[in-house]
Amino acid sequence: MVFILIALFSYLIGSLHGSSLAKKLSGVNIKESGVKNSGASNATLVLGWKYGLLVAAFDILKAVFAVLIVTFFVSGEPFLLFCTAFFVIAGHIFPVFLSFQGGKGTASAIGALLAIDWKIGLLAGVLFILVSVISDYIFYGVVAFYLIYFGYSLSITTSIRMIILCLSLLLLVAMKHSDNIQRLADRSEPRLSNVWKKKRTC
């Protein structure tokens, strides 16, 4: 019963989207522009870094909130916290409030990891930014982040249930980023530097 409550709570929190706030402020539905998803990376590509930060901050903080609530009221047991992270990310990707068409979950994953262990979360977040900037592709930053995320998860426990949870998240993330992989292969993936070019031409 506790697991079901955690899953439902986390999913609903994850379904709240920063992109909805960005749409109200800018009048632009980012799901219809750029790479056509409602995540922070697309908000950055479509609306610029300020809106990207707004969406990212919202999506990070909702995950922090969910993990802290579960920690305070239920348990700080690592597996339950990573379950919370999983369902927040799942809610972000398949939000019930946006017809199950959401983002890719990276900002929410960063927020969840920050709340579970702020040092590891900060390290992973900084690495995400550095790799994205150096490579000029957000996708490579995402890969770097999840290497730390999964590595840390499995360093806590290699129990079957944690392995299954990590594999489930890996499958979910890989599925949501399949279009990025295809665009990279086609050399059509938007570069991060496009954001600065967009700003200069505005």
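The values are calculated or read from the model by the stated rules, or taken from the named source; none is laboratory data. A quick note: this is a predicted structure, and the numbers were derived from the prediction, not measured. Cβ atoms come from the backbone with ideal geometry, glycine included; neighbour counts cover every protein chain shown.
Here are the numbers for this structure:
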| read-out | value |
| --- | --- |
| Those residues of the range 160-182 which are in contact (Cβ under 8 Å) with a residue 12 or more places away in the chain and either touching an Asp or Glu at 6+ places or on another chain (Cβ under 7 Å) or more than 17 Å from His92 (Cβ to Cβ) (or both), in sequence order | Arg161, Met162, Cys166, Asn180, Ile181 |
| One residue from Ala63, Ala107, Ala115, Ala90 being surrounded by 16 or more Cβ atoms within 10 Å (Cβ to Cβ), touching a residue at least 60 places away in the same chain (Cβ under 8 Å), touching a Gly at 6+ places or on another chain (Cβ under 8 Å) and over 17 Å from Lys31 (Cα atoms) | Ala90 |
| Any chance Phe65 is farther than 18 Å from Gly103 by Cβ, in a helix (DSSP H, G or I) and not aliphatic (A, V, I, L, M) | no |
| Of all residues in the range 27-72 being modelled with pLDDT of 80 or more and of a type in the set (Ser, Thr, Tyr), the one that is nearest to Gln182 (Cα to Cα) | Tyr51 |
| Qualifying residue in the range 83-101 (condition: within 22 Å of His177 (Cα to Cα), in contact with a Leu (Cβ under 6 Å, 6 or more places away or on another chain) and either of a type in the set (D, E, K, R) or modelled with pLDDT of 90 or more (or both)) | yes |
| Enumeration of residues in the range 85-111 that are more than 28 Å from Asn194 (Cα to Cα), in contact with a Phe, Trp or Tyr (Cβ under 8 Å, 6 or more places away or on another chain) and part of a helix (DSSP H, G or I) | Phe87, Val88, Ala90, Gly91, Val96 |
| Restricting the range 17-26 to residues that are buried (at least 21 other Cβ atoms within 10 Å of the Cβ) and closer than 20 Å to Phe87 by Cα, the residue that is modelled with the highest pLDDT | His17 |
| Odd one out for Val46, checked against (1) within 26 Å of Ser188 (Cβ to Cβ); (2) of a type outside the set (Ser, Thr, Tyr); (3) surrounded by fewer than 17 Cβ atoms within 10 Å (Cβ to Cβ) | (3) |
| Ala185 vs. criteria free of Cβ contacts under 8 Å to residues at least 60 places away in the same chain, buried (at least 21 other Cβ atoms within 10 Å of the Cβ), out of contact with any Lys or Arg (no Cβ under 9 Å at 6 or more places or on another chain) and assigned to a helix (DSSP H, G or I) | no |
